[in-house]
1. For E9, which sequence-distant residues (separation of 5 or more, or a different chain) have an amide H within less than 5 Å of its own amide H, given hydrogens modelled in the peptide plane?
2. Let me know the Kirkwood hydrodynamic radius for the range 11-94, please, with Cα pairs as the basis and the value in Å to one decimal.
3. For the range 67-72, what does the Karplus curve 6.51 cos²θ - 1.76 cosθ + 1.60, with θ = phi - 60°, yield as ³J(HN,Hα) per residue in whole Hz, taken in order and with x for Gly and Pro?
4. Using the count of nearby Cβ atoms within 10 Å as a rough guide to exposure, how do H128, H150 rank from fewest to most?
5. For a quick check: with amide H placed at 1.01 Å from N, whose amide H comes under 5 Å from L76's, ignoring anything fewer than 5 positions away on the same chain?
6. Once you sort the root eigenvalues of the Cα gyration tensor of the range 114-242 as a ≥ b ≥ c, which label holds: rounded (a/c under 1.5), prolate (a/b larger than b/c) or oblate (the other case)?
7. Using the Karplus curve 6.51 cos²θ - 1.76 cosθ + 1.60 with θ = phi - 60°, work out ³J(HN,Hα) for each residue of the range 252-266 in order, rounded to whole Hz, and write x for Gly and Pro.
8. R0 = 22 Å: FRET efficiency of V2 with W58, Cβ-based, nearest 0.05?
Amino acid sequence: MVIPGWLVEGQGGSGNASRGLFVRRRRDGLPGYAKVFDVANVAAAMRDTAAARRVIAWAFQTEQTLLSRTRDCSRLITLLDAQPPTRKTPGVLVFERASHSAAALFRQPAPHACAALLDASQALRQLHHRGIVHQDLKAANLLSVVRNAHARWVLADLGRASSADCWGPFAHHWVVGDRAHAPPELLFGAGSRGWRSRGVATDLWLLGALAFELLLGQPLTAWLWAHVPARARPPYPDAPTPDCPGLWAREQPAWARAIRLASDQVRREARIHGCDPASSRSIRDDFLARCAIDWRNRRFAAPRS
């Protein structure tokens, strides 16, 4: 793989529509991480190369546009270079290189997790202030970078993000991001019909799920599935069917009880490690007050009799 202006040093991770490469800028040795849009992988899934090229071009343009609107966001990944796709070359976005993701914190002291969560909540606030919803917040997309000799956490991967006037090829999906982390009502085909309200609700849920995972060291989705009856589980991983919203309305109280238990555990861990909302004005404003599980508890109020 040849990227003009960059020397490829090694392979990184891969996704459904892209793969990663560790790179270094030729002119000054600046390290970076390249997201290479994978036409072949998309074409294999769609069985149509021409359509895959259109999807890749659309996805590249959307992500580049949204990244250009977040250049002044201190908690978002920095874009170093953008090379649009052509008929002969894939699209490439080169970002500042991170040392590791928040997944490395799963078994680390909780104060480190609290710092990462605070930065994640600030990143969401910066995006929402600009009318952008991320919809794919998870530990793998929260990265540690060094800026001005100081380490900080930044939110990466706007591949599933949207705004009112800029949305990508995945925006029409009911679950836009990773289904393994999605809010349960979306897996039932329920939830808000408005893209923005649904997107903000998804971001808040994902922030709460990240809090649970980092503070308790286990995935929230798997924990919830173990604490609701089998009859109350969504049709994951299959797509929702027309009767799913009715099923969600019937089983919502079971999910409410499980989520309250999860929220209690998050609060207990946060309190133990000094992340309780009462202990810090900044954390109260930026983290637990916006913690999605907390927000979910308000939304999962007991149904009226």
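All of the numbers you see were taken from the coordinates with simple rules; none came from a lab. Predicted model only: the values in this text are computed from it and were never measured. Positions of Cβ are backbone-derived with ideal geometry, glycine not excepted, and every protein chain shown enters the neighbour counts.
1. Close amide H contacts, sequence-distant or interchain: F22, V23, R24.
2. That comes to 13.6 Å for the range 11-94.
3. 3J(HN,Hα) across the range 67-72, in whole Hz: 5, 5, 7, 10, 4, 8.
4. Ascending number of Cβ neighbours within 10 Å: H150, H128.
5. Residues meeting the amide H criterion: L155.
6. Taking the square roots of the gyration eigenvalues as a ≥ b ≥ c, the range 114-242 is oblate.
7. Once rounded to whole Hz, the list reads 4, x, 5, 5, 4, 5, 5, 5, 5, 4, 4, 4, 4, 5, 4.
8. Once rounded, the FRET efficiency stands at 0.35.
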